[in-house]
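Quick notes on the structure that follows.
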Amino acid sequence: RQRALLCAVLLAAWEAVWGQLRYSVPEEMPKGSFVGDVAKDLGLQMSEMSDRGVRVVTEGRAQYFSLKGKTGHLVTAERIDREQLCESVQQCVLRCELIVEGEMKFYEIEVEIVDINDNPPSFQEAETELRMSETTTPGSRFHLPDAHDPDSGRNSLQSYELSGDEHFSLAVQAGPGGDQRPELVLAKALDREEAAFHELVLRARDGGDPARTGTARIRVTVVDANDNAPVFSQAEYTVRVPEDVPVGSILVTVTATDADEGLNGLVKYSFKKKKTSSQIFHLESETGTITLGRSLDFEQGDVYELDLQAYDGGALYDTAKVVITVTDINDNAPEISVRSALSEISEDAPSGTVVALLYVQDRDSGANGEVRCSLDKDIPFRLQSSQGNYYSVVTARELDREQVSEYNVTVRAADGGSPSLQSSAVLALRVLDVNDNAPVFLEERYSARVAENNAAGALVLTVRATDADWGQNARVRYRLAEGRVRGAPLSSYVESGAIRTVCPLDFEEKNKYIFGLEATDGGGLTDHCEVHIDITDENDNAPEI
């Protein structure tokens, strides 16, 4: 390849018509590479060139070419990148002037920078995700991301290829400007239960020799449709329980599965018929757990049959039977009654606050009727004996919602029998937030750079402050310090943590902005940070003579 480039340089075309020379040279050639024999093309002797004062002048700051005085050759002054100079121009031509001071003459020189295939096609995003329903009709089309290749001609983007699986194919449409627009075509019907995801690779290829390629991963997520009914793990469940099983005890958990997902795969349970047995037993609709709703008595009933059904979000269902056999035991377990209970408590409630009032009894007598109550360890609650068989659940210390926001306080009761019988009750308590945490910025100082002449509304920087509280107390609002830019108040430059411009900025007018930013939560607590924004200069002013 280097030999081919060298031949192209040695055979560079030139012409001298009306005082103008024209050459061509490939891009990316090293500094000092030969462009053209200026002395020969103009018919100048080397002695004459030194006597007459010949030099190369280029308008602008960059000097891309120089003249070797000993040979009279025009050579590159630095490595030239065509895409950097002429990204949006098909033919890239650089111009300079050869001044012969002794003859008071000048010659225009045009050098065409010839493209080489030094850039592969690339996608803006390396991975793209598409969502398709499993009922999508084959033949449906979906837009795919375009690739970009800054090279020109045959070295630019030429074609797309798709690899992955048989469910998809690739179609390429021509855009209004002749650009290629890839589309994903569904070739075979989807089945989420067979494959929930499809991984594809979109490859873009240019026309260089050798060709360069760029790839993007396409992940297709198949969205579920309700095409499967729930199925119980068993057609009949059997369980044996003693008559003294505590109220609220879990007797059995039925399970039904649905191959669908989301709402279509969400299974709920219910009794098929409302019998007397459904009043004795409780079925948790979300989990399929059957618990005892009231005390059993072997003398009143020894076998219960429950007809259940499981249904999904699309009304498809399955049925099963549960047979519960009661065994006879001549004793009674303690009973815990929650007479009054709080469902919510503020985190700043003082120690000793009553959260529940319990009534505990055992229908047995003597030692078997003596009940002992307890709570789990390592929780901020304690039991306090009241008059008679009443107990109070009170706070043992102050609560902190940021550490624990909910408690399931289990109260246990055990009698003095041998073996001891026990029962339990669970108190669900939610801790309410108070505004005891101020917002905190992720950084004490934020910095950003933005070019001048930007469009109004352009995003400059996003700041963020977090608040450990909850709800309104954790809702953070942002406010800039007072000040104005081109007549617009600074306070209008930020919304939801995003700092935006409200008008174009001018580097020559002001090249740096420093201001404070305040974050305030719903309870009035605040935090502050400092924002530094540097305005970078653009070449938006012409030279003045």
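The values are calculated or read from the model by the stated rules, or taken from the named source; none is laboratory data. Keep in mind that this is a model prediction, so the values were computed, not measured. Because the Cβ atoms are built from the backbone with ideal geometry, glycine has one as well, and the counts that use them run over all protein chains shown. Calculation scope for accessible area: heavy atoms of the full protein, side chains included, ligands and nucleic acids excluded. Shrake-Rupley method; radii C 1.70, N 1.55, O 1.52, S 1.80 Å.
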Nearby lysines by direct alpha-carbon distance to Lys68 (threshold 23 angstrom, same-chain neighbours under 8 apart not counted):
Lys31, Lys40, Lys105
Can you give me the distance in nm between label points at Arg95 and Gln384, each placed 7 Å from the Cα along the Cα-to-Cβ direction?
9.4 nm
At 10 °C and 1.306 mPa s, what whole-number value in µm²/s does Stokes-Einstein give for the translational diffusion of the chain, with Rh from the Kirkwood sum over Cα pairs?
48 µm²/s
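Using Cα pairs under 8 angstrom and six or more residues apart, how large is the relative contact order of the chain, in percent? The partial results should precede the final answer.
Values: 1264 pairs, mean separation 41.0, N = 545.
Relative contact order of the chain: 8 percent.
Helix-derived [θ] at 222 nm for the chain: sum -39500 (n - 2.57) over DSSP H runs of at least 4, divide by residue count, nearest 500?
My calculation for the chain gives -1000 deg cm²/dmol from helical runs alone.
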Roll a 1.4 Å probe over the protein chains and send me the accessible area per residue for the chain in Å².
56 Å²
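What is the percent carbon and sulfur in the accessible area of segment 231-327, measuring with a 1.4 Å probe over the protein chains and ignoring ligands?
48 percent
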Please list, or write none, the lysines whose alpha carbon is within less than 20 Å of the alpha carbon of Lys268, excluding same-chain residues fewer than 8 places away.
Lys321
Taking the square root of 5 times each eigenvalue of the Cα gyration tensor, what semi-axes in Å does the equivalent ellipsoid of segment 60-160 have, largest first?
49, 12, 10
Accessible-area value, Asp227, 1.4 Å probe, nucleic acids and ligands omitted, Å²:
80 Å²
Taking the Cα centroid of segment 88-115 and of segment 408-466, what is the distance between the two, rounded to the nearest whole Å?
67 Å
Segment 122-223: equivalent-ellipsoid semi-axes (sqrt of 5 x gyration tensor eigenvalues, Cα, Å):
28, 13, 11
Does anything in segment 144-172 have its amide N under 16 Å from the 7 Å Cα→Cβ label point of Glu127, and if so which residues?
none
Towards the positive end of the charge dipole of segment 122-233, with charges on Cβ (+1 Lys, Arg; -1 Asp, Glu), say which of Leu157, Thr221, Ala195 has the farthest Cα.
Leu157
Label model pair Ser270, Asn408: point-to-point distance (7 angstrom along the Cα→beta-carbon line) in nm is 2.5 nm
Can you pull the accessible area of Met46 for me, 1.4 Å probe, Å² to the nearest 10?
70 Å²
Spin-label zone in segment 423-447 - amide nitrogen under 18 Å from a point set 7 Å from the Cα of His528 along the C-beta vector:
438-447
Please compute the contact order of segment 21-114 in relative form: average sequence separation of alpha-carbon pairs under 8 Å and at least six residues apart, divided by the residue count, as a percent.
39 percent
Note on segment 231-327: contact order normalised by length, alpha-carbon pairs under 8 Å, 6 or more apart, percent, works out to 39 percent
